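S.K.: My questions will all concern the structure given below.
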Amino acid sequence: MNLVPNSTAEAIYSLRQCQFIINSSKALDYLEAQLNLYQLLALYQHFFPLEWATSQTSLYLPIDASHTKAVSLENRHSPRELEFITLVYTHLFPMSFWAVESAHEERLQAIPITSMGVDWQIEEGIENLRIGWKLLIPFSKEGRYWLDDVELEGSEWFDSEFEAHQIYYKDIHAPDKIDNKRLRRLCCELTTPLQFLPLALKLLDHETKNIWLDESPDEMNYGLYASSLPWSKSSINLVHRKWKQASRILDAAYCLIEWLEADLNTHAQLLLQLWTRALKRA
């Protein structure tokens, strides 16, 4: 990796980075920015060697960016770093729109993990769910708890949503009465998308053991990402692998949702029959 200035503009940019360090906090900020810079460029070369070799984007910020007062120079990504970030969310795993946009103003010091699961527990989240997901709420442990103990009129809400389809809350056995092993076995024997019911319920309960699906959005991050991992080869490989797994889980779950919604009256009754067959034996 060659960061030696090749032009007068690049040399001026490099000189402008040479600042008097007036305290330990400023020194730490500078070192963290430099570490982040070299990490991203090294990762670019490792994961996208062809793109790196053919890239024409600058390793340096444009000179006029150095006059920006609102953000200190060391906190800005170069065009080459931004190019790498674009390649990451295009080819490896998703990033929230907010994270991508903020990368143009300040450094992404870590890999943001965007919540990609079914986040129905956030404010107004349940009202924004598709009807198929709403139907599954009382079949999940977290959903049942919400309907019974959190929302004072939870059962009334459910009945109002599904009365037209003749589906009633009282007819749905609580999840703690279900033999989960029997349910999984019954689902495995099916050829319809109902075979994905246990997976869909894990999504609702945030029990998939997948970093993309189990964390609810963190309100401190404006609901856009829940956690982060350091920029490293191992982290990127892990996050990429987990995203491929998450994609398969989401595809299977939404196959069930679309099947339910295609004929809600008939398919909901098949769901209830399956659920009743999985009851624990006395």
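S.K.: Looking only at helices (runs of 4 or more DSSP H) that lie completely in segment 61-153, which have at least 3 residues being of a type outside the set (D, E, K, R) and modelled with pLDDT of 95 or more?
M.R.: Answer list for segment 61-153: 79-91, 131-136.
S.K.: Read through the list (1) among the hydrophobic types (A, V, I, L, M, F, W, C); (2) surrounded by 19 or more Cβ atoms within 10 Å (Cβ to Cβ); (3) touching a residue at least 60 places away in the same chain (Cβ under 8 Å), then give the number of the only condition that Trp259 fails.
M.R.: (2)
S.K.: Right, next: Being among the hydroxyl-bearing types (Ser, Thr, Tyr) and either assigned to a helix (DSSP H, G or I) or modelled with pLDDT of 95 or more (or both) narrows it down to one residue among Ser58, Ser25; which is it?
M.R.: Every option except Ser25 fails the conditions.
S.K.: Could you check, for segment 148-170, whether at least one of its residues is within 26 Å of the chain's Cα centre (by Cα), within 21 Å of Asp214 (Cα to Cα) and among the β-branched types (Val, Ile, Thr)?
M.R.: Yes: one or more hits.
S.K.: To continue, here is another question. Of all residues being charged (D, E, K, R) and crowded, with 17+ Cβ neighbours inside 10 Å in segment 142-160, which is nearest to Leu199 (Cα to Cα)? Just the residue, please.
M.R.: By that ranking, first place goes to Glu142.
S.K.: In segment 206-250, what residues are of a type in the set (D, E, K, R), crowded, with 17+ Cβ neighbours inside 10 Å and modelled with pLDDT under 95?
M.R.: Asp214, Glu215
The values are calculated or read from the model by the stated rules, or taken from the named source; none is laboratory data. Note that the structure is predicted; figures quoted are calculated from it, not measured. No Cβ is skipped: glycine too gets one built from the backbone with ideal geometry, and neighbour counts run over all protein chains shown.
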